[in-house]
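S.K.: What follows is a structure written as structure tokens; I'll ask about it next.
Read the figures in this text as sums done on the coordinates, not as results from a lab. This is a predicted model, so every value here is computed, not measured. Cβ placement follows ideal geometry from the backbone for every residue including glycine, while neighbour counts extend to all protein chains displayed.
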Amino acid sequence: MPPAPPLLTLKDIRLSLGDKALFTGVEVAVGRGERISLVGRNGSGKSTLLKIAAGVVQADGGEVWVQPGITVAYLPQDPDVSGFATVHDYVAAGLTAAHADDLHKVDILLDAVALAPERDPTTLSGGEARRAAIARLFVTGADIMLLDEPTNHLDLPTIQWLEEELLKFRGGLVLISHDRAFLNRLTNTTFWLDRGVVRRNDSGFADFDRWSEEVMAREAAELEKLDKLIAEEAVWAHRTLPARRRRNMGRLNRLESMRQERAQSLARTGSVTMEAESGQASGKLVIEAEGVAKAYGERTILRDFRIRVLRGDKIGIVGPNGAGKSTLLKLLTGQIEPDDGRIRLGTNLSMVYLDQQRSSLDTEKSIWDTLADSGGDHINVRGTPRHVVGYMKDFLFDATQARSPVSSLSGGERNRLLLAKTLARPSNFLVLDEPTNDLDMDTLDLLQEVLSDYDGTLLIVSHDRDFLDRVVTSTILVPGDGTAVEYAGGYTDMMAQRGGAAPVAEDKAAAKADKPAAAKAPAADKPKPRTAKLTYKQQRDLEILPRQIEELTVKVEQLNKTLTVGDLYQRDPAAFQKTAEALDAARAELEQAEERWLELEMLREELEG
């Protein structure tokens with residue numbers, strides 16, 4: 001029998017914006033069980049293509065076909081929650097006729113995303129509105145879900161809850177996201193929207209860098225054979241992106257050495273050695289905090305916190321929304337005073353602070369004038385003169401955009417320009433509060449590169465796990481119960497040291513924070529107690545997983561060869577479909593086995609160390 005038809009098909013989709021062709025003959029098919037990452041450069045049209053698939057935007061030409069009886073649910077970047085008396089009413093409006101009796105699911109989902117049903121939707125923050133929209137998405141009982149940047153403004157516990165729910169989903173899933181860890185875990189197929197055409201790779205996002213570099217290398221080789229001019233932007237993109245990825249690999253190696261140094265520093269903190277070193281560290285000390293406490297009314301934000309930050313440390317701060325991350329940042333930078341304890345800042349600090357709100361840009365100014373705001377054609381970048389156009393290219397702007405007004409830029413491009421302006425200011429102490437919100441993936445890669453090369457001290461609040469893994473030397477967890485603990489390494493290292501325990505969820509954090517302050521708090525400079533050795537099951541898994549991984553790797557290779565060699569599809573479509581399903585299952589099993597082995601191996605090393 002022939003393979004099952006797709007649930008959703010886009011055929012020969014064409015769309016122009018003014019005189020610019022955005023899509024030319026786009027072909028897309030979404031099947032049941034496919035979890036697709038839709039990727040592409042900022043401004044390539046990913047969100048527009050998702051809106052066409054959802055029926056929100058009408059294409060100039062082509063056909064959108066949905067299998068009869070199939071329902072499609074869409075989560076936009078900016079959910080509109082207006083027009084409803086309560087959050088419960090807004091979420092319940094997502095129930096279809098087939099699920100009209102499932103009102104109990106509304107309450108279950110609102111509890112899961114920590115929203116009160118009786119809240120007025122117009123009072124919700126951006127993150128709360130997104131959580132309400134996610135709850136509404138799940139009550140639809142849809143066969144296909146189209147999600148545009150679902151993790152924007154969500155805290156880590158909510159992101160992890162969303163991951164688990166989407167992993168259970170058995171329909172078709174299309175995701176646009178800048179969160180690499182989110183895409184790596186969830187997707188098994190990649191659609192790459194590039195210059196109006198969609199390319200498909202039957203592997204998840206984790207394979208995107210390797211695959212896209214192969215595609216670009218083939219294209220570059222073909223273009224070099226042609227005796228004609230090549231669009232400058234295409235050449236620049238093809239040469240720059242792979243080179244940047246290779247450079248980042250070198251930076252990750254250097255980061256590992258810095259993390260080892262930070263781990264040694266943490267091991268000494270609080271000991272007699274720390275006192276002996278304070279004289280030698282003169283000029284290197286950036287922040288020293290001892291016994292710091294802070295509360296607002298009956299709510300304890302922080303108690304008995306201590307840390308010693310040295311020049312060159314790059315420290316991430318994570319935790320649920322409302323746990324006190326921004327408060328900790330302001331305490332450590334001297335913007336607010338602690339209720340108890342002592343905070344000492346080092347000498348000769350030149351701080352640049354980028355808050356969550358971001359400063360506004362003058363939309364009437366050009367990119368050139370925004371960067372070189374004192375006139376001329378050069379800009380001082382942390383004390384070094386740089387030509388405006390050269391610095392623009394560092395931040396992924398084309399030279400032809402130099403005199404374009406800020407008003408012509410997309411949201412992602414404006415964020416990029418703001419970062420370029422902020423990071424040019426002379427500093428040896430950089431403080432970033434949620435800098436990764438609303439950034440596209442290219443800008444995140446760029447920001448990672450800039451911060452990796454930054455030779456000063458960095459404090460950064462972020463919910464982006466992959467970004468933290470690539471940038472910071474240590475991570476402070478603020479769970480919302482008044483404690484704050486520093487762990488050497490990035491987010492993944494922190495999770496391994498905690499034995500896989502996730503940050504406290506927002507509603508639980510608030511409940512714990514209301515407990516009397518007299519309750520004994522764990523020492524802030526020591527990780528929470530954990531098992532001294534692996535359990536019998538963990539040890540057993542660690543022993544058998546390498547063999548399973550090897551067997552699954554061979555199986556994936558064999559199944560892939562069966563699909564790609566010969567004419568199986570023409571000879572036996574049913575066998576082809578069965579083999580394709582077996583390949584997807586084997587890939588998913590292999591990925592889970594590799595993740596489990598890595599998690600256990602890191603935990604073993606930590607316990608033995």
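S.K.: What whole-number distance in Å separates the alpha-carbon centres of segment 384-408 and segment 43-65?
M.R.: 31 Å
S.K.: Additional query: Normalised by the number of residues in segment 84-141, what is the relative contact order in percent for Cα pairs under 8 Å and 6+ residues apart?
M.R.: Relative contact order comes out at 53 percent.
S.K.: Give the aspartates and glutamates reachable from Lys284 as a straight Cα distance under 17 Å; neighbours fewer than 8 places away on the same chain don't count.
M.R.: Once the sequence-local aspartates and glutamates are set aside, what remains near Lys284 is Glu261, Glu275, Asp313, Asp455.
S.K.: I'd like the Karplus ³J(HN,Hα) series for segment 307-321: coefficients 6.51, -1.76, 1.60, θ = phi - 60°, whole numbers in Hz, and an x wherever there's a Gly or Pro.
M.R.: Going residue by residue, I get 7, 10, 9, 9, 4, x, 5, 10, 10, x, 10, 10, x, x, 4 Hz, with x marking Gly and Pro.
S.K.: Three principal axis extents, largest first, for the C-alpha atoms of segment 84-141, in Å?
M.R.: Here the Cα extents, ordered largest to smallest, are 31, 20, 14 Å.
S.K.: Further question: Quick check: net charge around Ala29, other residues with Cβ under 13 Å of its Cβ, Lys/Arg +1 and Asp/Glu -1?
M.R.: -2
S.K.: Please report, for the Cα atoms of segment 294-399, the Rg to one decimal and the Dmax as a whole number; what are they, in angstrom?
M.R.: Reported Rg and Dmax, both Å: 19.1, 55.
S.K.: Peptides 160-167, 476-483: what's the order by average Cβ count within 10 Å, highest mean first?
M.R.: In descending order of packing, they fall as 476-483, 160-167.
S.K.: Can you pick out the pairs among Lys20/Lys51; Lys365/Lys421; Lys11/Lys578; Lys168/Lys578; Lys555/Lys578; Lys46/Lys314 whose Cα atoms lie more than 23 Å from each other?
M.R.: From Lys20/Lys51; Lys365/Lys421; Lys11/Lys578; Lys168/Lys578; Lys555/Lys578; Lys46/Lys314, over 23 Å: Lys11/Lys578; Lys46/Lys314.
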